[in-house]
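> What follows is a structure written as structure tokens; I'll ask about it next.
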Amino acid sequence: MAKVTMPQLGESVAEGTIGKWLKQPGDHVAKYEPLVEVVTDKVNAEVPSPFEGILREILVEEGATVPNNAEIAVIETADEGAGEGASAVAPTAPVVTSEPPAVAASSAAQTPAVAAGPAGSDERGPSEMTAAPAPASAVATAAVAAPPATADPDARMTPAVRRLLREHDLSPAQIPGTGGGGRITRDDVSRVVEAIRTGAMAPAPTPPASPAAPAAPRGPAPTLPAGAPIEFPDGADEVLLPMTQMRKGIAAQMTRALLAPHAYVHMEIDATALVRAREIAKREYQAREGISLSYVPFVIKAAVDALRRYPAFNAHWTDAGLLAKRHIHMGVAVAVDDGLIVPVVRDVDQLSIAGLNRAIAEVAGRTRAGKLRLEDYGGSTFTIDNTGWFGSNLTMPIINVPEVAILTMEAITKRAVVRETPEGDVIAIRPIMNMVLAIDHRANDGAQAAAFLRSIKAWLEGIGPETPVY
């Protein structure tokens, strides 16, 4: 039997949570077919099966968190199954913790799911169980009779479940949790919502408004769900905005990053040639490819050329020294609703400008939809951050450690600049883009950083209509 293990989804990620099994025991699984959805402190990822065969056993239930390389499933490969007759071992049942009696005794009739969130989003949380949903009447009974499984029913809910509770004005006390240790899952919330909709369960009564009371002694600040509009209930002077898993991951990564001694180099790029080249190419490109042509692939091409000239910037810092990388894997910072994710476009030196543009569009789309693949994580050797998309003109970026440098491209704005001509200096209007290079000063010094950024500047200012897009 082949064992499937929890993959490492990035250098700084030490564990993962089983969000949803996409296959069940007894199902045939093709090699590289999505097998399980894993949730980290950053995003969800569909993990492909490393083997082809029959899924025989699920070793880790949905909602459970395990370290990297822990065994999570067993697959009987095609070679192992060859020659077995009809009396082969029956599939092992999925690992599901016990349910409240009313839910366990119910029929398997499927209830409608809660409507999805904004277009392109993935609201699936890490605790969607595989147990059959209960009828609305059974849910109503369980909601009243089931005792709370933990002292704090809200403590182990996923952000997606909390969001559903907020959207439907529900309290965790109304939901009988069927996840591990009584954890409330998205399906649990969906069943209660359907029970209320059909009248099989009454909504929780709204507590009567109480007359205003004298100001009480000041205590801990109230807690609001992350991402919710900030309100100050009951006259509170402050509220606590809790950390989401993504924000916790970003906080940990930024703290590690700032242990590296940062140094910065800033240069102005005359983007006249870049703007002209893109304007010439973008109409034909969009008609041919169906997507717009951005400035980012041009900047990546310039960075690739500079990284070839100065390979010490295409490296990771280690305690033993600088680990130079042969392949150029570009991290592309993508802003999402509640944080920042840096997926990876691999072997960018092998792609044309057109190929880079499509690869960036695809990985950014998967990022915003919460559909990143395993290969989209980790292993970047250099990072580009397009902060200019938001209108910024000067940013001091933090290095995506263990990389040793990060480059920002700022907004392209028209400015009055002085240019030399045979007749003398003149004032001209030019589109100017600031670029900032942050370096790990342990790995490289200011002179090398300036030379590296000057190489990028020369490439971008020297681009012309003859520069190939394909």
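Derivation of every value follows stated rules applied to the coordinates shown; laboratory data play no part. From a predicted model like this one, the values you see are computed outputs, not experimental measurements. Here the Cβ positions follow ideal geometry from the backbone for every residue, glycine too, while neighbour counts run over all protein chains shown.
> For VAL336 and LYS282 in one chain, what is 0.36 nm times their gap in residues minus the Cα-Cα distance, to one decimal in nm?
16.8 nm
> Sorted by mean Cβ packing within 10 Å, highest first, what order do the peptides 356-362, 461-467, 258-264 take?
356-362, 258-264, 461-467
> How many angstrom separate the Cα center of the stretch 20-74 from the Cα center of the stretch 330-356?
Their Cα centres are 26 Å away from one another.
> Which order do the peptides 282-290, 295-303, 442-450 take when ranked by the mean count of other beta-carbon atoms within 10 Å per residue, highest first? Could you put the intermediate results ahead of the total?
Details: 282-290: 12.0, 295-303: 24.2, 442-450: 15.7.
So the order, starting with the most tightly packed, is 295-303, 442-450, 282-290.
> For ALA450 and ARG419, calculate 0.36 nm times their separation in residues minus their Cα-Cα distance, and state this gained length in nm to one decimal. The partial results should precede the final answer.
Details: separation 31, 0.36 × 31 = 11.16 nm, distance 2.21 nm.
Between ALA450 and ARG419, full extension yields 9.0 nm more.
> Please give the net charge around TRP317, taking every other residue with its beta carbon less than 10 angstrom from that of TRP317, where Lys and Arg add +1 and Asp and Glu add -1.
Residues close to TRP317 contribute a combined charge of -2.
> What FRET efficiency, computed as 1/(1 + (r/R0)^6) with R0 = 45 Å and r the Cβ-Cβ distance, is obtained for ILE429 and ALA369, rounded to the nearest 0.05?
Working: r = 40 Å, r/R0 = 0.89.
Approximately 0.65, to the nearest 0.05.
> Provide, for q = 0.20, 0.23, 0.24 Å⁻¹, the log10 of I(q)/I(0) from a solvent-free Debye sum over equal Cα point scatterers in the stretch 2-81.
-0.80, -1.03, -1.11
> Suppose R0 equals 41 Å. What FRET efficiency, 1/(1 + (r/R0)^6) with r the Cβ-Cβ distance, do ASN393 and ASP234 give to the nearest 0.05?
0.45
> Longer than 25 Å from Cα to Cα, which of LYS282/LYS457; LYS3/LYS325; LYS282/LYS371; LYS20/LYS325; LYS282/LYS414 are they? Say none if no pair is.
Result: LYS3/LYS325; LYS282/LYS371; LYS20/LYS325 exceed 25 Å.
> Can you put THR178, THR255, THR244 in order, fewest other beta carbons within 10 Å first?
Fewest-to-most ranking of THR178, THR255, THR244: THR255, THR244, THR178.
> If I model a spin label at GLU466 and ALA2 as a point 7 Å from the Cα along the Cα→Cβ vector, what separation in nanometres do I get?
In this crude label model, GLU466 to ALA2 measures out at 5.2 nm.
> Hey, fewest Cβ within 10 Å first, where do MET330, MET267 land in order?
MET267, MET330
> Separate question: Take GLU15 and ASP349, extend 7 Å from each Cα along the Cα→Cβ direction, and tell me the distance between the two endpoints in nm.
Here the modelled spin labels are 3.9 nm apart.
> Sticking with this structure for a sec: What does the charge add up to near GLY290, with Lys and Arg as +1, Asp and Glu as -1, over the other residues with Cβ less than 14 Å from its Cβ?
Summing Lys and Arg as +1 and Asp and Glu as -1 gives +1.
> Can you give the FRET efficiency for HIS168 and HIS327, using 1/(1 + (r/R0)^6), R0 = 60 Å, r = Cβ-Cβ distance, to the nearest 0.05?
0.80
> Once the convex hull of the alpha carbons of the stretch 376-455 is built, what does its volume come to per residue, in cubic angstrom?
125
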